[in-house]
Amino acid sequence: MGGGGEIVGSKATLEKNCPWNGSPCKRCDVGRVVRTSQQPHSFGEKFLSCPNPKCRGFQWMKDALKESIEQQTQRTT
Ligand SMILES: [Zn+2]
């Protein structure tokens, strides 16, 4: 089992007032929660975490924002 790179568990705080809270996971469609990293190498960085234990999807907020902007620009013709 190889690990590494994943930021899950206790070293994060839950963001309750973020509009991204509950945004659907791309892999399993479960609403994700927004958390803020408390780890020294990424302190304060927000990320989306999938609560589904079979999926455990993870995405940085900045990547999710970038994707949503790209989708919006594609939609406008
Ligand atoms: Zn998921």
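Being surrounded by 14 or more Cβ atoms within 10 Å (Cβ to Cβ) and among the small types (G, A, S) is the filter; apply it to the stretch 32-77 and report the residue that is farthest from the ligand (Cβ to nearest atom).
By that ranking, first place goes to S42.
Among residues of the stretch 1-26 that are within 19 Å of P40 (Cβ to Cβ), those with a beta-carbon under 6 Å from a residue that is at pLDDT 90 or above and assigned to a loop (DSSP other than H, G, I, E, B) at least six positions away or on a different chain give the pairs K11/Q38; K11/Q39; A12/Q38.
The values are calculated or read from the model by the stated rules, or taken from the named source; none is laboratory data. If you're wondering where the values come from, they're calculated on a predicted model, not measured in any experiment. Using ideal geometry, Cβ is built from the backbone for each residue, glycine included, and neighbour counts are taken over all protein chains shown.
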